[in-house]
Every structure is written in structure tokens, then in C-alpha cells.
Amino acid sequence: SLHEEDRPVVLKLLCYFLQDEAIAQVEGMDLHKGIMLRGRVGCGKTSLMNIMRAYCPESFRHTMMPCRTVSHTFTKKGSDVIDHFGRLSFFPYTNVPRIFCFDDLGLESPAGYYGVTYNVIAEVLLSRYDLFVSHKMLTHVTTNLNSEELEGIYGNRIRSRMREMFNLISFTIDSSDKRK
């Protein structure tokens with residue numbers, strides 16, 4: 001069931017995924033940007049992003065991808081992983097971009113490949129930012145971290161790009177842990 005304190009978050013998500021321009025304008029949402037859904041551990045970020053997949057057409061439907069899985073896969077396959085989520089991230093035989101929701105942004109570990117350590121998600125975000133500018137490629141993320149913590153992990157260059165790429169939707173501080 002929907003918790004009353006989460007109603008504003010759910011309203012914004014539904015407005016976005018249903019592409020409701022009138023409500024988006026009232027809520028200050030840009031329907032041409034992705035979503036950064038921020039909140040405490042257990043508040044329902046991942047669950048809501050999974051539910052929202054059902055409310056949009058297939059070409060606008062995102063694929064959930066845990067950030068730690070992306071980093072782990074990089075240790076096995078190298079830069080092909082960055083290409084997979086970046087420049088090769090289009091539906092076959094089209095220029096329609098694939099939309100990913102990178103889950104638990106900022107909680108992944110740096111990944112090594114042949115002795116070199118990379119911040120894989122930073123590289124993926126930079127690649128997707130370039131494609132956001134050139135091809136309107138949307139990206140969504142969920143995170144428990146605030147903007148200062150994200151800047152500490154990814155740097156101010158990526159934080160600046162995040163402002164351009166994402167609508168920030170935050171749960172309130174009193175949003176309860178739904179896993180209890």
C-alpha cells in the first residue's frame with residue numbers, strides 16, 4: 001500500500017512516466033531529462049522504479065541495472081561494458097536509445113581490469129551524458145547519497161552533468177523503511 005508521506009514522490013514519478021506535460025510543469029519536472037530518485041535505505045526507490053516500467057511504452061521503458069553489477073562485469077570484460085551502456089546502447093537497427101536505471105548509484109566499488117582501476121559508473125555516466133546531448137539518451141538512477149556525497153565519489157564535473165541529465169526526486173527524511 002502507498003504510504004502517505006510517499007505520495008509526492010509517486011505523483012512525480014507517475015507524471016514523468018505517463019509523460020503528463022501539465023502536471024510536469026506544475027511539479028517542475030523536465031520530461032526530456034532522466035530521473036534521479038534519492039532516499040534512505042529501504043524507502044522503496046528500486047521497487048517504485050520497477051513498478052513505473054509498467055506505465056510507459058516499451059521504447060520509453062528502462063532496464064534496471066545495479067551499479068555493482070556493472071562494475072563487477074567490467075572486471076571480466078573491460079571497456080566493452082562501458083560501450084554496452086554507452087555508445088552501443090541503442091535498439092537494433094535504429095537510433096532509438098536504450099534507457100537504463102542504474103540502481104544504488106555511488107555504492108559500487110572501483111573496478112580493476114588488467115591492473116588499472118576505473119570508476120566504471122563515472123565513465124558510463126560521462127558516455128551517456130554525451131549521448132544525452134547528442135541523441136537525447138535518457139538515464140535514470142537511484143541513490144541513497146546526497147549531492148555532496150556523489151560529488152565526493154564522481155567529482156564536480158560529473159555532478160554538474162547530473163544536474164543537466166536528471167530531475168531530482170527525493171523521499172522525505174521521515175520516509176519509513178518498507179523492509180521492516
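The values are calculated or read from the model by the stated rules, or taken from the named source; none is laboratory data. The structure displayed is predicted, hence computed values, not measured ones. Neighbour counts are summed over all protein chains in view; Cβ atoms, including those assigned to glycine, are modelled from backbone coordinates with ideal geometry. Heavy atoms of the whole protein, side chains included, go into the accessibility calculation; ligands, DNA and RNA do not. Shrake-Rupley method; radii C 1.70, N 1.55, O 1.52, S 1.80 Å.
The Cβ shell under 10 Å around CYS67 holds other residues with a net charge of -2, Lys and Arg each +1, Asp and Glu each -1. For ILE35, nonlocal amide neighbours, meaning residues 5 or more places apart or on other chains whose placed amide H falls under 5 Å from its own, are THR139, HIS140, VAL141, ASN167. Counting only protein heavy atoms and using a 1.4 Å probe, the accessible area of PHE100 comes to about 10 Å². Think of each Lys and Arg Cβ as +1 and each Asp and Glu Cβ as -1; about the Cα centre, that makes the dipole of the chain roughly 360 debye. Take the Cα of SER134, step 7 Å along the line toward its Cβ, and report every residue of the range 47-85 whose backbone nitrogen sits under 19 Å from that point. Residues 79-85 fall inside that zone.
Label zone of PHE91 (point 7 Å out along Cα→Cβ, amide N under 18 Å): in the range 42-59 this covers 53-59.
Rounded to the nearest 500, the helix-only mean residue ellipticity at 222 nm of the chain stands at -12500 deg cm²/dmol, with each DSSP H run of n ≥ 4 adding -39,500 (n - 2.57). Taking the chain as a Gaussian network of alpha-carbon nodes connected by springs under 10 Å, the highest mean-square fluctuation of the residues CYS67, CYS101, CYS56 belongs to CYS56. Both radii are taken from the alpha-carbon atoms of the range 89-176; with Rh as the Kirkwood radius, Rg/Rh is 1.00. Taking the accessible area of the chain, probe 1.4 Å, and keeping the other protein chains in place, the carbon and sulfur fraction comes to 52%.
Note on the chain: with a GNM built from Cα contacts shorter than 10 Å, the maximum mean-square fluctuation among ILE51, ILE153, ILE169 falls on ILE51. Using a Gaussian network model of the chain in which every pair of alpha carbons under 10 angstrom is joined by a spring, one finds that among TYR93, TYR118, TYR129 the greatest mean-square fluctuation is at TYR93. Would you mind calculating the relative contact order of the chain from Cα pairs under 8 angstrom and at least 6 residues apart, reporting the percent as a whole number? Relative CO of the chain lands at 34 percent. Residues in the range 26-123 average 53 Å² of solvent-accessible surface per residue, probe 1.4 Å, ligands and nucleic acids excluded.
Net charge in the neighbourhood of LEU138 (other residues with Cβ under 10 Å of its Cβ; Lys, Arg +1, Asp, Glu -1) is +4. The simple Förster model, with R0 at 35 Å and r as the Cβ-Cβ distance, assigns ASP174 and ARG68 a FRET efficiency of 0.80.
Projecting the alpha carbon convex hull of the chain along each direction and taking the average yields 11.0 nm².
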